[in-house]
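Structure first, then comments.
The values are calculated or read from the model by the stated rules, or taken from the named source; none is laboratory data. These numbers come from a predicted model, not from an experiment. Virtual Cβ from ideal backbone geometry, glycine too; neighbours counted across all protein chains shown.
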């Protein structure tokens with residue numbers, strides 16, 4: 001996942017600060033280190049000065065020897081990159097330690113990377129914390145482009161997340177959303193941390209979808225939620241090992257060891273569920289319906305197949321479970337929270353959505369039939385507009401070319417890190433009317449899908465690395481948001497103003513969680529009972 005969420009120099013200085021405290025004891029070592037750095041700096045400068053690249057690398061700001069542009073990076077990378085693009089153009093270069101980074105802020109250039117040269121750029125620059133923790137990067141998120149990636153993605157899309165499978169698991173999602181509705185009804189008239197409530201509901205949805213929720217009572221949901229958030233933070237944190245690989249064996253920041261520890265905890269949960277499922281199957285109680293099986297049962301059947309082309313290894317099953325758990329929680333929570341925030345900021349848009357929900361479902365019934373969701377056109381437009389303004393991954397996940405290529409007249413070096421600034425493109429005034437306004441109507445007037453064909457709008461990416469969970473995200477976000485808006489009238493606590501500050505990370509979250517007060521609005525009180 002994206003690795004630059006806080007100012008890189010802060011962590012770099014923390015990583016090297018031990019040398020300052022040990023100056024007296026290790027003075028000879030410090031002198032030798034300084035000499036080696038001086039030699040390295042000179043060699044680096046000499047190589048840069050006399051190396052001609054044709055076509056040239058993209059333009060970009062000057063950096064320092066060894067560190068490059070690391071000392072000047074800002075925490076809000078998506079905004080920082082957008083500002084740099086105004087100076088250096090729609091494609092520019094940054095040098096972060098030994099890693100060359102290319103930033104793309106234009107749909108036409110993004111098309112060259114994600115469509116025209118997709119096979120070359122469809123690799124990931126896997127962070128050290130993910131390599132050490134996730135079986136060397138075997139998950140679908142970090143696996144390099146190639147036959148194994150294609151096999152894994154095809155199995156996931158066609159065997160696990162097909163329309164028939166997702167439709168069959170709808171009842172599981174509905175059950176957890178109903179529980180959320182009952183819980184919120186109990187808190188009517190009181191302030192609710194909506195971010196926390198939605199996050200816990202999303203975790204429950206994923207647990208029940210993945211393995212039917214058979215062990216939900218034995219899992220501390222709050223602890224699991226915190227563990228997922230911590231793991232995402234660790235893998236996404238700026239790691240000196242990623243920028244200066246010579247230091248990787250020392251794990252100076254301890255990120256790799258923390259990643260391994262968390263992974264061990266997650267996989268302990270997964271292995272417990274797998275063993276429980278195998279015991280059930282041995283007892284002859286397995287579900288024989290090929291459609292209504294939960295995800296875990298489907299993955300285990302793929303694991304037990306003898307054909308390498310249509311099977312999963314033990315490690316791939318566990319890695320996929322974690323991929324699905326992370327992908328289905330953090331970004332879903334973020335999108336629902338931002339959508340509710342925008343609707344509270346725009347009462348007329350909220351009223352329009354409520355009117356549609358009452359018209360389609362009636363004000364005596366909660367929208368809980370999946371067949372109704374496709375009819376909610378304005379709801380779909382609200383979600384799309386939310387993802388335009390607040391894409392879950394503002395820079396997507398970084399791509400890495402497998403060979404040196406030419407894009408937009410510039411050389412893109414092999415193994416460089418390529419960022420696509422979806423956030424900037426989706427707010428570009430040259431591409432969108434009223435780009436900073438919350439206008440869901442624009443998606444009623446234009447047929448723009450999530451599939452990444454219109455490069456102005458790529459909240460889930462594009463090309464062969466486009467998010468595999470779009471269909472599930474669309475169903476889950478739509479259901480939760482519809483029930484929240486239709487079941488309750490929402491007001492802000494007295495004197496509170498909506499905070500729109502962003503917290504840059506794997507998911508673009510609100511800096512301050514959304515707190516609001518629900519008031520029951522359905523005429524049938526039974527609809528709030530589970």
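For the reader, a short list of remarks on this structure follows.
- Filtered by the rule that a residue be in a strand (DSSP E or B) and touching a helix residue (DSSP H, G or I) at 6+ places or on another chain (Cβ under 6 Å), the range 93-105 gives 96, 99, 103, 104.
- Of all residues in the range 462-480 being within 22 Å of residue 400 (Cβ to Cβ) and in contact with a helix residue (DSSP H, G or I) (Cβ under 6 Å, 6 or more places away or on another chain), the one that is surrounded by the fewest Cβ atoms within 10 Å (Cβ to Cβ): 464
- Residue within the range 300-307 that is in contact with a helix residue (DSSP H, G or I) (Cβ under 8 Å, 6 or more places away or on another chain), modelled with pLDDT under 85, within 25 Å of residue 228 (Cα to Cα) and surrounded by fewer than 21 Cβ atoms within 10 Å (Cβ to Cβ) present: yes
- Scanning the range 65-79 for residues that are part of a helix (DSSP H, G or I) and more than 10 Å from residue 421 (Cβ to Cβ) returns 70, 71, 72.
- Contact annotation: residue pairs with Cβ atoms under 6 Å, 6 or more positions apart or on different chains, pairing a residue in the range 268-292 that is modelled with pLDDT under 60 with a partner that is part of a loop (DSSP other than H, G, I, E, B) and surrounded by 11 or more Cβ atoms within 10 Å (Cβ to Cβ), are 287/293.
- For residue 140: the one exception among (1) in contact with a helix residue (DSSP H, G or I) (Cβ under 6 Å, 6 or more places away or on another chain); (2) in contact (Cβ under 8 Å) with a residue 40 or more places away in the chain; (3) in a helix (DSSP H, G or I): (3)
- Within the range 408-425, tally of residues that are surrounded by fewer than 22 Cβ atoms within 10 Å (Cβ to Cβ), farther than 15 Å from residue 125 by Cβ and out of contact with any strand residue (DSSP E or B) (no Cβ under 6 Å at 6 or more places or on another chain): 3
- Extreme residue, surrounded by the fewest Cβ atoms within 10 Å (Cβ to Cβ), among residues of the range 501-520 that are in contact with a helix residue (DSSP H, G or I) (Cβ under 7 Å, 6 or more places away or on another chain) and in a loop (DSSP other than H, G, I, E, B): 513
- Which numbered condition residue 334 fails, given (1) in contact with a helix residue (DSSP H, G or I) (Cβ under 8 Å, 6 or more places away or on another chain); (2) crowded, with 19+ Cβ neighbours inside 10 Å; (3) modelled with pLDDT of 90 or more: (1)
- Filtered by the rule that a residue be within 22 Å of residue 352 (Cα to Cα) and in a loop (DSSP other than H, G, I, E, B), the range 487-496 gives a lone residue, 492.
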